[in-house]
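So the structure is just underneath, and the comments pick up after that.
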Amino acid sequence: MVLKWQKSVGLEDQPAISHMIAASMGEAMACLVRVPTEVVKAKMQTNAQASLGKTFSLVLNETHGSALSSVTGGLYRGYGITLMREIPFAMIQFPLYEKAKSWWSEKKGSPVNPIQAAMCGSVTGGIAAGLTTPLDVVKTRLMLGADKDGKQYSSAIDVVRRTLNQEGPMAFSSGIQPRVMWISIGGFVFFGAYEFGKKLAGPVLG
């Protein structure tokens, strides 16, 4: 579908656009599952004594100003900002990953192997993670729903404004080191497994 659209607008020779669009669509669908999981996880981390069932019930009883919250409660609190984090992340990582593989393949004169592809995924994932850390900070605070004094956030803009006023711009880089580290490790495992699986399945799938 993406390639067909690109051809219709004369962009069929731009593989980076294919990677960005496909990654963005995939992230939008994945967030339908990821966001409720992250909301419940974040709530449990701030209230370690609450059980999973109790936390889930509390989240379902929350409202956050949207019509959907009457059905889903706070499960999709921060869905929009999560997309605003995940889509830029994917649009940075995947084209960089494909470009890094292509560059390395040209340098060595043959396609990269799964381990080398995993290294490309690790580096590009770390770059994307670092660049999108401010969005991750805003997303996490919005999902928690309130600041350290218990005052509710009304929107992502409210999170940005209050964080700037109360903590300064450096607050938006909070957690950058562990974020870059775990996404770099995850990128190595994910892309390595993906390329290894693709290599194994190649003869079968033709």
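From the list 186, 145, 150, 175, pick out the single residue that is modelled with pLDDT of 90 or more, under 29 Å from residue 58 (Cα atoms) and not polar (S, T, N, Q).
It is 175.
Quickly run through segment 146-159 and pick out the residues that are buried (at least 20 other Cβ atoms within 10 Å of the Cβ) and not in a helix (DSSP H, G or I).
Residue satisfying the conditions is 153 alone.
Inside segment 165-174, can you point out the residues that are in contact (Cβ under 8 Å) with a residue 12 or more places away in the chain and surrounded by 13 or more Cβ atoms within 10 Å (Cβ to Cβ)?
171, 172, 173, 174
Mind telling me which of the residues 162, 179, 141 ends up being in a helix (DSSP H, G or I), of a type in the set (Lys, Arg), in contact (Cβ under 8 Å) with a residue 12 or more places away in the chain and open to solvent by 30 Å² or more (accessible area, probe 1.4 Å)?
Sole residue among the options that is in a helix (DSSP H, G or I), of a type in the set (Lys, Arg), in contact (Cβ under 8 Å) with a residue 12 or more places away in the chain and open to solvent by 30 Å² or more (accessible area, probe 1.4 Å): 141.
Yes/no matrix, rows are residues, columns are (1) in a helix (DSSP H, G or I); (2) of a type outside the set (A, V, I, L, M, F, W, C):
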site: 77; (1), (2): no, yes
site: 89; (1), (2): yes, no
site: 98; (1), (2): yes, yes
site: 111; (1), (2): no, yes
site: 120; (1), (2): yes, no
site: 123; (1), (2): yes, no
site: 134; (1), (2): yes, yes
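The values are calculated or read from the model by the stated rules, or taken from the named source; none is laboratory data. All of these numbers come straight from a predicted model, not from anything done at the bench. We place every Cβ from the backbone using ideal geometry, glycine too, and count neighbours over all the protein chains shown. These area figures cover heavy atoms from the full protein model, side chains too; ligands, DNA and RNA do not enter into them. Shrake-Rupley method; radii C 1.70, N 1.55, O 1.52, S 1.80 Å.
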